[in-house]
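Here's the structure we're looking at; comments come further down.
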Amino acid sequence: MPGLVGSLLGLGNPLLDVCADVDQKFLDQYDLKMNNQILAEEKHQPMFKALADKKDVQYIPGGATQNSIRIAQWMLQVPGATSYMGCIGKDEFGKVMTDTARGDGVNVQYLVDESTATGTCGTCIMKGDRSLVANLAAANNYKVEHLRRKEHWALLEQARVIYSAGFFITVSEDAIMDCAKHAAENNKIYCMNLSAPFIMEVPPFKATLMKALPHVDFLFGNENEARTFAKSEGWKTEDVSEIALKISMLPKQNGSRPRTVVFTQGAEATAVACLGKVTLVPVIFLEPSKLVDTNGAGDAFVGGFLSQLLAGKDNYECCRAGNFAANVIIQRSGCTFPEKPTGFVWN
């Protein structure tokens, strides 16, 4: 597929995942909840050393957007099909991420902050579920001027699909809006993820989300984020399908295509709302004994989905690829994958 080179661009917060198994005592010590994503506070700083000191600790390139881009790249198997921007430090962690992403075939164009360490994400695993604590560090220092450089703006102009996880809202509203407006003005596809409840619960972040939403063609999230969005809007419903439908019908800048809202629900069917209709797409059943951890499952779903979106497939086929990618990832530690997506059949 030579036409796919440079077709997908992601902007986000590149983080090195520090992954280890924990127990309830560990979670209580740092006031953590399972299946949640938060930004690190002062009280969480000792936690990163505690994770690093564990015998089973693993260091895996991460960050929600970067995970999805790497998965899309893996699914497509076309070197350079994807590009990615974010900010890292000039250190060993940054080098590990750069080497890994480029080794995967992603055209990474990081902004390098020489005075701040590469960001990390404490990934606490318990009984297959995870709690994520992001210490953004250098990732928090991305500047829109990096995107606007001629050689980087050329990547935006080359891309047909642009994606950012909602976490990037906390870093660069200007970069998000540059990409969103470019996509709407040039009839490209702009995608975003709700990412975490706090994006809707913190007023400045929610304001940026709602500013970008009219430009969003595909919005992703899970059932908890969907319900938090509904609550933040004052909607009297917790029905995920109904929430997806309501969001899909909110005002949209580019009228040439409808908005599609895709909400995963763990082991339950994925709700896809588009053109006034909700479709439920079942996930792939997995024996509980085969579950390693759910870290990166949602990111993998998005990456698989985007790989088929680039190929012009319909929403069902995009979800099928998303389910395949997520199913592979939850049987491995962190957002890691085999050399090729063996077992996925392109229709």
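The values are calculated or read from the model by the stated rules, or taken from the named source; none is laboratory data. What you see is a predicted model, and the numbers here were worked out from it, not measured in a lab. Counting neighbours? That spans all protein chains shown, and the Cβs are built from the backbone with ideal geometry, glycine included. The area values use the complete protein model at the heavy-atom level, side chains included, leaving out ligands, DNA and RNA. Shrake-Rupley method; radii C 1.70, N 1.55, O 1.52, S 1.80 Å.
Observations, loosely collected:
- Cα centroid of the stretch 201-256 to Cα centroid of the stretch 1-71, whole Å: 25
- Förster radius 30 Å - calculated FRET efficiency between N35 and K150 (Cβ-Cβ, nearest 0.05): 0.10
- Heavy-atom accessible area with a 1.4 Å probe sorts M34, M200, largest first, into M34, M200.
- For the stretch 108-155, GluC sites (Glu not before Pro) are listed when DSSP marks them as loop and at most 15 other Cβ atoms sit within 10 Å of their Cβ; the list is E114.
- For the stretch 92-137, the square roots a ≥ b ≥ c of the C-alpha gyration tensor eigenvalues yield an a/c of 1.5 or more together with a/b not exceeding b/c, which makes the shape oblate.
- Exposure check, 1.4 Å probe, all protein chains in place: I189 carries approximately 30 Å² of accessible surface.
- Rounded, prolate or oblate (a/c below 1.5 giving rounded, otherwise prolate when a/b exceeds b/c) for the stretch 295-347 by Cα gyration tensor: prolate
- The stretch 1-54: chymotrypsin sites (Phe, Trp or Tyr not before Pro) in DSSP coil with no more than 16 other Cβ atoms inside 10 Å: none
- Packing around the peptides 313-323, 96-106, taken as the average count of other Cβ atoms within 10 Å per residue, puts them in this order, highest first: 313-323, 96-106.
- For the chain, the relative contact order is 17 percent, taking Cα pairs closer than 8 Å that sit 6 or more residues apart in sequence and dividing their mean separation by the residue count.
- Judged by the ratio a/c of the largest to the smallest principal axis of the C-alpha gyration tensor, the chain counts as rounded, that ratio being less than 1.5.
- Check: the stretch 71-186 dipole with +1 on Lys, Arg Cβ and -1 on Asp, Glu Cβ, in debye: 180
- Accessible surface comparison of L111, L213, probe 1.4 Å, protein chains only, largest first: the order is L111, L213.
- Cα-Cα over 31 Å, subset of K49/K231; K54/K290; K211/K340: K49/K231; K211/K340
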